[in-house]
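**Student:** Would you mind keeping the following structure in view while I ask a few things?
The values are calculated or read from the model by the stated rules, or taken from the named source; none is laboratory data. Since this is a predicted model, take the numbers as computed values, not measurements. All Cβ positions, even for glycine, are placed from backbone atoms using ideal geometry, and neighbour counts span all protein chains on display. The area values use the complete protein model at the heavy-atom level, side chains included, leaving out ligands, DNA and RNA. Shrake-Rupley method; radii C 1.70, N 1.55, O 1.52, S 1.80 Å.
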Amino acid sequence: MKRGVRGRLLLLSLTVLISIVFFLPSTPVYPMLPDWWKNYLPSRGITLGLDLQGGIHMVLEVEEEKAVESLVERTASSIKDLLDAEKLPVESVKRTGPSELTVILPGPDQKADIAKKIEANHPNFIPKESEGNEMVYHLREGEVIRIKDSATTQALETIRNRIDQFGVTEPLIQRQGPNQIVIQLPGVKDSKRAKELIGKTALLEFKLLDEDHPLSRTLPLSITALNEETFMAEYGSKVPEGDDLMFERATDKETGEVRKRPYLVKKRTMMTGDVLTDALVSIGEFNEPYVSISMNSTGAQVFERITAENVKKRLAIILDNNIYSAPVIQDRIAGGNAQITGSFTTQEANDLAIVLRAGALPAPVHTIQDLTVGPSLGQDSIRMGIRATILAGVLVILFMMIYYRMCGLVADMALFLNLIVLMGVLAALNATLTLPGIAGIILTIGIGVDSNVLIFERIREELRQGKPVRLAVDAGYEKAFLTIVDSHVTTLITALVLFLFGTGPIKGFAVSLSLGITINLFTALVGTKVVFDFINSRWKLQRLSI
């Protein structure tokens, strides 16, 4: 046997062996393998996509306008604190439009000084023409566009962090259009918990209760969730301008009844959750879970100042407008550590810690599409996909055997080689296999023998001209080479376009098709050729069964 033939046979054998090793974790055989195999050889294989193993498909829309409004609200509060610190008289600073804020002065005397301070510290706000004691500012249009775009980008990353901590394998999270986010979570069983975790804004705020106002002393200790509308109709109009009514939710563990305790809370936010560095679940002395939070140095200083200035007052810890706890500040709290307690389960505490660690969404999101794919539907898809692959393979194999005889068997061998290597490469890349991906594999079967058809027809032409078998085979491969490469490259370009511009399932089709085409070049031009060279080196063929 010639050295070139021996080297190519060795290359083919190693390729098949490595492909099988990488593909084994995707098979039912893998759990039965010894521990040393799992420790030293590949342990991850092909992941099934959403359409094959079930899961969640969601499309979320980011409310970008809320991000702009939130920034204007924070700026208004910042301007009020700035003017108070500079001892410049001002009655109020508040947002009066989506991107507009109004400063109301007691008189026009210091208007110029106030304008100079605002424009120096907040250059993105442009003054509008105003009369009397009012000064109106609006946010620059370019800044509004930047904030909206940033809100969607930040929401995407925040959701990605939450899902990573939730523990979903191979999730798909990508932006769609200016303000939409597509999320696919294959294999997720608890869809309700996942949706709540993804969509929760997780805006953490610390606010003081207004216990001095007479209304706070007339509020009931608790109401049922069903009576909330009646309660708001009775008490909502009595709430003073600088306060809000908020509720602390509690569930009776024996009856399961949900009750809410109303509080009168000051609107001014003392501190937000953007200063958090960590959030962990701990167990209290009564075996109830709570969330322990840690703050950065800035947050620790602010929290120490707040607690020092408000001893014996109650500080409400609020997440997404729901009060989790409202403890009395007994003394100055230094060190930047605090606890969020409440009547929640360990799972609820874990989810709360996840969203706090991942950070708050910059703006609320709402679901515009929500699909849950059952695993039974995925199993049906897998079963039908395997059936279609086998049927396509059998028909192609029979055709090649009948039409090309012994050479057809060589082409069928190359087809099996192509499928083995393709599955091995998909497993090595930890690719996600979808239903369109199976379609790409089935298409690869047809393309796999197409190359051999071109080669065999060339060999037939050479044999008709009276050339010996060995020379006819060599000439057939040589003359078909450029045609095969050309057809594969054009198909690869199409697959690349599908991958770049297609959505998730289309990308799966493009990946399996492009890999199949690339591998087919190897199996058709190297795999089958080495078989003919091996036969010719052992036996001098006078006739070829083609």
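**Student:** Heads up, I need the accessible area for H213: 1.4 angstrom probe, whole protein in place, Å², nearest 10.
**Tutor:** Per-residue accessible area (H213): approximately 60 Å².
**Student:** Moving on to the next point. Testing the spin-label approximation: label points 7 Å from Cα along Cα→Cβ at S487 and Q301. State their distance in nm.
**Tutor:** With each label placed 7 Å out from Cα toward Cβ, I get 7.2 nm.
**Student:** Now for a different question. Hey, what does the equivalent ellipsoid look like for the range 427-546, semi-axes from the Cα gyration tensor as sqrt of 5 times each eigenvalue, largest first, whole Å?
**Tutor:** Sorted largest first and rounded, they come to 35, 14, 10 Å.
**Student:** Still on this structure, I have one more. Just by accessible area at a 1.4 angstrom probe, what is the order of E61, E461 from largest to smallest?
**Tutor:** Per-residue accessible area, sorted high to low, gives E461, E61.
**Student:** Further, regarding this structure: Output the 0 to 90 degree angle, nearest 10, between the alpha-carbon long axis of helix 504-522 and the longest principal axis computed from the alpha carbons of the chain.
**Tutor:** 30
**Student:** Within the range 252-284, list the residues whose amide N lies under 18 Å from a label point set 7 Å along Cα→Cβ of S292.
**Tutor:** Residues 276-284 qualify, since their backbone N sits under 18 Å from the label point.
**Student:** Roll a 1.4 Å probe over the protein chains and send me the accessible area per residue for the chain in Å².
**Tutor:** 53
**Student:** Which of the lysines could be linked to K479 by a straight reach, that is with a Cα gap under 20 Å, when you skip same-chain ones fewer than 8 residues away?
**Tutor:** Filter leaves K467, K529.
**Student:** Indicate, rounded to the nearest 5 percent, the antiparallel portion of the DSSP beta bridges found entirely in the range 216-325.
**Tutor:** Here the antiparallel bridges make up roughly 90 percent for the range 216-325.
**Student:** Could you tell me which label, among [x] 156; [y] 226; [z] 212, carries the value of volume of the Cα convex hull per residue in Å³ calculated for this structure?
**Tutor:** Checked against the structure: label [y].
**Student:** Only Cα pairs under 8 Å and at least 6 apart count here; give the relative contact order of the range 161-306 as a rounded whole percent.
**Tutor:** 18
**Student:** Okay, moving on. Taking all protein chains together and a probe of 1.4 Å, list H122, H138 from the most accessible to the least accessible.
**Tutor:** The residues order as H138, H122, largest area first.
**Student:** Okay, next question. Sticking to Cα atoms, compute the Rg of the range 269-398 to one decimal and its Dmax as the biggest Cα-Cα distance, whole number, in Å.
**Tutor:** Just the Cα atoms of the range 269-398 yield Rg and Dmax of 24.7, 87 Å.
**Student:** How much of V485 can a 1.4 Å solvent probe reach, expressed as accessible area in Å² and rounded to 10?
**Tutor:** Roughly 40 Å² of V485 is accessible to a 1.4 Å probe.
**Student:** May I ask you to list the residues of the range 307-340 whose amide nitrogen lies under 13 Å from a point 7 Å from Cα along the Cα→beta-carbon direction of L219?
**Tutor:** Those under the cut-off are 314-318, 322-327.
**Student:** Considering only protein heavy atoms and a 1.4 Å probe, what is the carbon-and-sulfur percentage of the accessible area of the chain?
**Tutor:** 57
**Student:** Quick one, can you get me the convex hull of the C-alpha atoms of the range 230-279 expressed as volume per residue in Å³?
**Tutor:** Hull volume over Cα atoms, normalised by residue count, gives 102 Å³.
**Student:** Can I ask one more? So how strong a dipole does the range 30-181 carry about its Cα centre when Lys and Arg Cβ are +1 and Asp and Glu Cβ are -1, to the nearest 20 debye?
**Tutor:** I would put it at about 500 debye.
**Student:** I would also like to ask the following. Can you list the lysines whose alpha carbon is less than 17 Å from that of K116, not counting same-chain residues fewer than 8 positions off?
**Tutor:** The qualifying lysines are K80, K87, K128.
**Student:** Separate question: Note down the magnitude of the dipole of the chain about its Cα centre, charges +1 on Lys and Arg C-beta and -1 on Asp and Glu C-beta and zero elsewhere, to the nearest 20 debye.
**Tutor:** Dipole about the Cα centre, nearest 20: 3480 debye.
**Student:** Go ahead and run the numbers for FRET between A334 and S237, Cβ-Cβ distance against an R0 of 30 Å, rounding to 0.05.
**Tutor:** 0.15
**Student:** Probe radius 1.4 Å, ligands and nucleic acids left out: which of I333, I46 has the largest accessible area, and how do the rest follow?
**Tutor:** Of I333, I46, the descending order of accessible area is I333, I46.
**Student:** Can you tell which of G177, T307, V93 lies farthest toward the positive end of the dipole of the chain, using +1 and -1 charges on the Cβ of basic and acidic side chains (Lys, Arg; Asp, Glu)?
**Tutor:** Checking the options against the dipole of the chain, the answer is G177.
**Student:** Considering the dipole of the range 348-421 built from charges on the beta carbon (Lys and Arg +1, Asp and Glu -1) around the Cα centre, which of L352, Y404, L417 is farthest to its positive end?
**Tutor:** Y404
**Student:** Of P327, Y137, V16, whose Cα points farthest to the positive end of the dipole of the chain (charges on the beta-carbon: +1 Lys, Arg; -1 Asp, Glu; origin at the Cα centre)?
**Tutor:** V16
**Student:** Percent of alpha carbon pairs in the range 335-402 separated by more than 15 Å?
**Tutor:** 78
**Student:** Can you tell me which lysines have their Cα less than 20 Å from the Cα of K189? Leave out same-chain residues fewer than eight positions away.
**Tutor:** Output for K189: K200.
**Student:** Between exposed trypsin sites (Lys or Arg not before Pro) in the chain, where DSSP calls loop and at most 10 other Cβ atoms lie within 10 Å, what's the longest gap?
**Tutor:** In the chain, the maximal stretch lacking such sites is 313-539.
**Student:** Okay, moving on. How much length is gained if the chain between R383 and R193 is pulled fully straight, taking 0.36 nm per residue apart and subtracting their Cα-Cα distance, in nm to one decimal?
**Tutor:** 65.4 nm
**Student:** Sticking with this structure for a sec: What full-extension length gain, to one decimal in nm, is calculated for A120 and E285 as 0.36 nm per residue of separation minus the Cα-Cα distance?
**Tutor:** 54.2 nm
**Student:** Only Cα pairs under 8 Å and at least 6 apart count here; give the relative contact order of the chain as a rounded whole percent.
**Tutor:** 19 percent.
**Student:** What's the extension gain from R261 to V453 if we count 0.36 nm per residue and subtract their Cα-Cα distance?
**Tutor:** Separation in residues times 0.36 nm, less the Cα-Cα distance, equals 61.3 nm.
**Student:** Report M401's accessible area, 1.4 Å probe, all protein chains in place, as a number in Å² to the nearest 10.
**Tutor:** Counting only protein heavy atoms, the figure is 80 Å².
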